[in-house]
1. For the ranges 38-45, 80-87, what's the packing order if you count other beta-carbon atoms within 10 Å of each residue, average per peptide, and put the highest first?
2. Each residue of the stretch 25-30 in turn: what ³J(HN,Hα) in whole Hz from Karplus with 6.51, -1.76, 1.60 and θ = phi - 60°, glycine and Pro shown as x?
3. Stretch ASN41-GLU18 to full length: gain in nm at 0.36 nm per residue minus the Cα-Cα span?
4. Multiply the residue separation of ALA59 and ARG74 by 0.36 nm, subtract the distance between their alpha-carbon atoms, and state the gained length in nm to one decimal.
5. Among 67-74, 50-57, how do they line up by average Cβ neighbours within 10 Å per residue, starting with the highest?
6. Relative contact order of the chain, please, whole-number percent, based on alpha carbon pairs below 8 angstrom and at least 6 residues apart.
7. Once both axes come from the Cα atoms, what is the angle between helix 51-60 and the longest principal axis of the chain, in degrees from 0 to 90, rounded to 10?
8. At 0.36 nm per residue, and after removing the present C-alpha to C-alpha distance, how many nm does the segment from HIS86 to ALA3 gain when stretched out fully?
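Quick note: the coordinates plus some simple rules give every number you see, no bench work behind them. These figures come from a predicted structure and were not determined experimentally. Because the Cβ atoms are built from the backbone with ideal geometry, glycine has one as well, and the counts that use them run over all protein chains shown.
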Amino acid sequence: MTADDFRRIALRLDGAEEGSHMGAADFRVGGRIFATLASQNLGYGNLMLTPEQQAGFVAEMPEIFLPVAGGWGRKGATHIRLTAAHEDVLAGALETAWRLRVGKNVKPARGKRPRK
């Protein structure tokens with residue numbers, strides 16, 4: 001897979017838009033970043049996952065997924081090695097990150113207060 005494949009797959013997710021953050025392409029849904037190409041020069045795409053999701057991907061496919069170094073990685077930011085990934089793996093990982101952000105965009109219903 002390539003950065004162009006990453007972009008194509010990310011943008012086919014419902015409501016996904018491409019933006020830019022600090023000079024790198026990012027992909028957002030509802031204004032929230034779910035993936036970036038900030039490390040494409042190193043051959044990686046980046047996914048914004050939970051630490052638990054990251055641990056699952058890394059444990060299952062360590063040749064494809066690895067945590068981003070530092071604090072971002074401890075919070076779930078995950079590299080995907082583009083040349084090692086197949087389309088179905090990349091699509092599934094992007095969808096996982098996308099679903100996480102879609103879920104955060106849903107606001108809980110508020111109970112109405114009686115008017116005085």
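1. With the highest mean Cβ count within 10 Å placed first, the list reads 38-45, 80-87.
2. 5, 10, 10, 10, 9, x
3. Details: separation 23, 0.36 × 23 = 8.28 nm, distance 1.81 nm.
Roughly 6.5 nm would be gained on extension.
4. On the way: separation 15, 0.36 × 15 = 5.40 nm, distance 1.51 nm.
The span from ALA59 to ARG74 would gain 3.9 nm if fully extended.
5. On the way: 67-74: 13.6, 50-57: 15.9.
Order by mean packing, descending: 50-57, 67-74.
6. Values: 178 pairs, mean separation 29.9, N = 116.
Rounded, it is 26 percent for the chain.
7. So the inclination is approximately 30 degrees.
8. Working: separation 83, 0.36 × 83 = 29.88 nm, distance 1.27 nm.
Answer, rounded to one decimal: 28.6 nm.
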